[in-house]
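Engineer: Below are the structure tokens for one structure; questions will follow.
The values are calculated or read from the model by the stated rules, or taken from the named source; none is laboratory data. Because the structure is a prediction, the values reported are computed rather than measured. Reconstructed Cβ throughout: ideal geometry from the backbone, glycine too, with neighbour counts over all protein chains shown.
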Amino acid sequence: MIPDRPDDFRADPGARRCAIDYWNHSFVPLDLAAAVTGLAAVRPGRRTATGYSHPLMLISLVLTGTAGLQAVAFWALRGDFALEWWAPNLFLLLFPLPAITVLVRRLARVRP
């Protein structure tokens, strides 16, 4: 059983660990989707076919940013501000933004 309140987690560190494990596993489908679409976008032969590679890369970057946002929201709602969790998740949230901007501009030029 997973505790419902943050106080329950503090009283039972094992329950906290269990909840974190469930949380980590809940990201597997999102992480796999981001990885598969990103790899498909940069696969040899797709780089020249911008009709497919740019949309796939955009999907991958959006999924990556979403994973970072979900993680940051989770830790913020829990009131847990440990740098070792926040730094990588903020990176996942923010690093796709410049590439998303470039890709959206390119796609807008290709498809008026």
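Engineer: Mind listing whichever residues of the range 62-80 are outside any helix (DSSP H, G or I) and either closer than 16 Å to residue 33 by Cα or at pLDDT 90 or above (or both)?
Structural biologist: Matches in the range 62-80: none.
Engineer: In the range 81-112, how many are within 28 Å of residue 41 (Cα to Cα) and not in a helix (DSSP H, G or I)?
Structural biologist: Looking only at that region, the number is 3.
Engineer: Another question about this same structure. Find all pairs meeting these conditions: Cβ atoms under 8 angstrom apart; at least six residues apart or on different chains; first residue within the range 80-107 and closer than 18 Å to residue 70 by Cβ and without any contact (Cβ under 8 Å) to a residue 12 or more places away in the chain; second residue surrounded by 13 or more Cβ atoms within 10 Å (Cβ to Cβ) and among the aromatic types (Phe, Trp, Tyr).
Structural biologist: From residues that are closer than 18 Å to residue 70 by Cβ and without any contact (Cβ under 8 Å) to a residue 12 or more places away in the chain, the pairs are 81/75; 82/75.
Engineer: Among the listed residues 33, 15, which satisfies the condition of being modelled with pLDDT under 85 and surrounded by 15 or more Cβ atoms within 10 Å (Cβ to Cβ)?
Structural biologist: None of the others qualify; the one that does is 15.
Engineer: Give me the pairs, please: first residue somewhere in the range 55-77 and aromatic (Phe, Trp, Tyr), second residue anywhere and surrounded by fewer than 17 Cβ atoms within 10 Å (Cβ to Cβ), beta-carbon distance under 9 Å, and either six or more positions apart or on two chains.
Structural biologist: 74/23; 74/80; 75/81; 75/82; 75/85; 75/86
Engineer: Go through (1) more than 12 Å from the chain's Cα centre (by Cα); (2) closer than 17 Å to residue 23 by Cβ for residue 88 and report which single condition fails.
Structural biologist: Only one criterion is unmet by residue 88, namely (1).
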